[in-house]
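See structure below.
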Amino acid sequence: MKLVILTMLFGFGVMQHNPNFQHGRTTIVQLFEWRWSDIAAECERFLAPKGFGGIQISPPNEHIVLNEPWQPWWQRYQPISYNLCSRSGNEEEFIDMVTRCNNVGVNIYADVVINHMSGSSGGEGNHSSCGSWFSASKKDFPSVPYSAWDFNSNKCKTRNGDIENYGDIFQVRDCQLVSLLDLALEKDYVRSKVAEYMNRLIDLGVAGFRMDACKHMWPGDLENVYGHLHNLSLRWFPNGSRPFIFQEVIDLGGEAISYSEYIHLGRVTEFKYGAKLGNIFRKWNEEKLFYTRTWGEGWGFMSDGNAVVFVDNHDNQRGHGAGGSAIITFWDSKLYKMAVGYMLAHPYGVARIMSSYRWNRNFVNGKDQNDWMGPPANTNGSTKSVPVNSDQTCGDGWVCEHRWRQITNMVIFRNVVKQQPQISWWDNQSNQVAFGRGDLGFIVFNNDDWDLDVTLNTGMSGGTYCDVISGQKDGNKCTGKQIIVSKDGNAHFKISNTDEDPFIAIHAESKL
Ligand code: QV4
Ligand code: CA
């Protein structure tokens with residue numbers, strides 16, 4: 001009994017920061033708007049064999065359906081109920097996905113939207129993904145059920161009930177985010193409904209949660225909800241495993257609400273990371289790559305054990321959320337591969353990579369008029385499934401950054417070097433840098449407008465290694481560049497600034 005209480009206490013404070021990765025894996029991929037049946041297949045055919053740790057899925061619950069057939073992606077951030085049917089699939093497909101991914105050791109993290117329900121002008125009727133009736137104007141969501149009593153209407157003091165001033169922490173938590181009906185999470189009833197939903201997901205095998213819009217919820221309310229969560233399913237996880245919690249709090253500094261109010265509850269998204277890295281690789285604001293010698297806490301980021309890091313996410317890759325035009329995405333593929341490569345080589349934080357779909361961007365005065373566009377869809381509005389081409393890329397508008405050789409191979413690099421310290425830093429006082437990870441990996445970047453040509457100590461054992469960026473190891477040969485490390489650990493690197501990918505990475509498992 002004592003032991004149980006101890007693990008519960010311990011788990012409460014610490015374990016929610018742990019992603020529960022299986023088999024020594026390290027990286028999360030956000031499969032934005034993918035269908036459950038495609039995710040199940042991707043776990044088996046690609047993610048498990050390549051060593052991905054887990055997937056952040058789009059919100060699995062029932063959501064509003066808008067402007068059929070061309071539904072915006074963001075309808076999924078307007079819940080109608082906690083039934084498990086959404087644009088990504090129904091309950092049966094959801095259960096099949098979680099089961100099959102867990103069976104091959106790839107975790108599922110659900111995106112959970114509990115700050116609000118639909119927009120206040122969301123109408124009345126059955127325009128919802130499982131066909132449940134609701135009325136936004138009456139604040140009536142009988143499939144939960146929630147009624148007007150369960151919303152924050154009276155607590156909010158602004159004129160129209162929306163957040164008007166982010167400097168006022170009461171508005172940010174108790175008023176409506178862009179008119180979304182704000183749930184009263186101080187109420188036991190609301191807390192219990194939310195916990196019931198999350199526990200359902202846990203019992204089905206989910207390993208954790210990306211908590212949406214946490215800035216808009218009081219830390220005490222979240223703490224209460226998290227405290228009611230079950231341990232992970234014993235079918236796949238060790239006894240006493242707590243769900244991994246990572247909370248979306250956008251904090252670029254200078255706002256009334258700080259990430260630090262949430263780190264005792266779980267990890268938090270470090271939005272400074274992608275914003276800074278974007279400026280660095282774009283060489284904006286006088287930034288230089290060699291300044292990243294102190295990357296991590298040295299740049300004013302939250303402490304390593306609290307951070308989830310990413311180059312871009314589904315919001316800021318299309319101008320929503322934080323970071324603006326500095327954010328690097330698949331649209332700038334050369335820079336993107338370098339930035340993601342840097343993130344995966346660097347030890348700071350739990351890393352999440354993005355997997356996107358293409359849409360028709362249409363900039364008018366710097367704003368994309370089509371930032372609402374949903375995933376590749378059939379004429380009836382249903383999401384297209386993800387076809388895989390013979391060269392392993394994806395078709396039908398799915399970008400599949402996670403399948404880009406350079407990115408996949410850096411996910412493997414991160415697994416190989418995990419827990420190794422960062423060592424042997426080198427730079428040219430400009431945009432050429434290199435560093436190692438113990439004696440298991442080494443990476444060199446050239447983001448200058450001239451060649452890199454240098455001999456460096458890699459700290460690795462002598463031998464011939466395949467660069468995993470220009471190619472990889474294939475049997476007893478390299479499909480790309482070859483790096484020869486001498487007995488003393490030195491190796492010569494030459495990277496032209498005009499190379500398709502001006503960086504080189506080698507690791508213990510890419511040795512011939
Ligand atoms: C609009 C106006 C309102 C007006 C209302 C009137 O903006 O001022 O009152 O109409 O009807 C969509 C529309 C938005 C619309 C709203 C309500 O884009 O224009 O309001 O619906 O109908 C996503 C999108 C939002 C979208 C929302 C709900 O980004 O554009 O709103 O889904 O569908 C802050 C938060 C942070 C948030 C970030 C985007 O602190 O938490 O903004 N990020 C998360 C998710 C994000 C999601 C939400 C939160 C909301 O990552 O994807 O917003 O769940 O920084
Ligand atoms: Ca709120």
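Overview of values
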{"read-out": "Lone qualifier among L181, L232, L185 - being in contact with a Ser or Thr (Cβ under 6 Å, 6 or more places away or on another chain), hydrophobic (A, V, I, L, M, F, W, C) and within 16 Å of ligand 1 (Cβ to nearest atom)", "value": "L181"}
{"read-out": "Subset of region 68-88 [open to solvent by less than 10 Å² (accessible area, probe 1.4 Å), away from ligand 1 (no atom under 14 Å from the Cβ) and over 18 Å from S143 (Cα atoms)]", "value": "S88"}
{"read-out": "Test: residue in region 393-409 that is closer than 28 Å to Y465 by Cβ, in contact (Cβ under 8 Å) with a residue 60 or more places away in the chain and touching a His at 6+ places or on another chain (Cβ under 7 Å)", "value": "yes"}
{"read-out": "Candidate set: region 152-178, residues that are within 10 Å of ligand 1 (Cβ to nearest atom) and of a type in the set (V, I, T); chosen: the one nearest to G119 (Cα to Cα)", "value": "V178"}
{"read-out": "Residues located in region 415-449, provided they are outside any loop (DSSP other than H, G, I, E, B) and either of a type in the set (S, T, N, Q) or at positive phi (or both)", "value": "N415, Q422, S424, Q432, N446"}
{"read-out": "Qualifying positions in region 38-50 - open to solvent by 10 Å² or more (accessible area, probe 1.4 Å) and farther than 24 Å from D315 by Cα", "value": "A41, E44, R45, F46, A48, P49, K50"}
{"read-out": "Selected residue (criterion: nearest to ligand 2 (Cβ to nearest atom)) from residues of region 89-112 that are surrounded by fewer than 21 Cβ atoms within 10 Å (Cβ to Cβ), within 19 Å of E196 (Cβ to Cβ) and touching a residue at least 60 places away in the same chain (Cβ under 8 Å)", "value": "D111"}
{"read-out": "Any hit, region 259-273, residues being within 16 Å of ligand 2 (Cβ to nearest atom), over 20 Å from the mean Cα position of the chain (by Cα), not in a helix (DSSP H, G or I) and not β-branched (V, I, T)", "value": "no"}
{"read-out": "Boolean, V309 is touching an Asp or Glu at 6+ places or on another chain (Cβ under 6 Å) and crowded, with 21+ Cβ neighbours inside 10 Å", "value": "yes"}
{"read-out": "Condition check for A491: open to solvent by less than 10 Å² (accessible area, probe 1.4 Å) and at pLDDT 95 or above", "value": "yes"}
{"read-out": "Qualifying positions in region 188-229 - more than 16 Å from ligand 1 (Cβ to nearest atom), closer than 21 Å to Y259 by Cα and open to solvent by 30 Å² or more (accessible area, probe 1.4 Å)", "value": "G220, E223, N224, G227"}
{"read-out": "Qualifying positions in region 108-131 - part of a loop (DSSP other than H, G, I, E, B), under 24 Å from P69 (Cα atoms) and either touching a Lys or Arg at 6+ places or on another chain (Cβ under 7 Å) or within 15 Å of ligand 1 (Cβ to nearest atom) (or both)", "value": "V113, S120, S121, G122, G123, H127, S129"}
{"read-out": "Residue satisfying all of: in region 381-418; of a type in the set (D, E) and surrounded by fewer than 23 Cβ atoms within 10 Å (Cβ to Cβ); farthest from S37 (Cα to Cα) among these", "value": "D391"}
{"read-out": "Tally, over region 174-190, of residues that are in contact with a helix residue (DSSP H, G or I) (Cβ under 6 Å, 6 or more places away or on another chain) and near ligand 2 (Cβ under 8 Å from one of its atoms)", "value": "3"}
{"read-out": "Residues of region 278-304 that turn out to be outside any loop (DSSP other than H, G, I, E, B), over 14 Å from G349 (Cα atoms) and among the hydrophobic types (A, V, I, L, M, F, W, C), as a count", "value": "4"}
{"read-out": "Unique match (being small (G, A, S), more than 22 Å from M338 (Cβ to Cβ) and open to solvent by less than 50 Å² (accessible area, probe 1.4 Å)) among S486, S496, S461", "value": "S486"}
{"read-out": "Pair list, Cβ < 8 Å and 6+ apart or interchain, from region 212-224 residues that are more than 9 Å from ligand 2 (Cβ to nearest atom) and in a loop (DSSP other than H, G, I, E, B) to residues that are at pLDDT 95 or above and not β-branched (V, I, T)", "value": "D212/P59; D212/Y77; D212/D111; D212/N115; D212/E248"}
{"read-out": "Matching residues in region 132-183 - criterion: being aromatic (F, W, Y), open to solvent by less than 70 Å² (accessible area, probe 1.4 Å) and in contact with a Lys or Arg (Cβ under 9 Å, 6 or more places away or on another chain)", "value": "Y146, F151"}
{"read-out": "Any chance V308 is at pLDDT 95 or above, more than 22 Å from N446 (Cβ to Cβ) and β-branched (V, I, T)", "value": "yes"}
{"read-out": "Residues of region 389-405 satisfying the condition of being among the charged types (D, E, K, R) and assigned to a loop (DSSP other than H, G, I, E, B)", "value": "D391, D396"}
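The values are calculated or read from the model by the stated rules, or taken from the named source; none is laboratory data. Computed from a predicted structure; not experimentally measured. Cβ coordinates were reconstructed from backbone atoms using ideal geometry, including for glycine residues, and neighbour counts include every protein chain displayed. Protein only, heavy atoms only, side chains kept; ligands, DNA and RNA dropped before computing areas. Shrake-Rupley method; radii C 1.70, N 1.55, O 1.52, S 1.80 Å.
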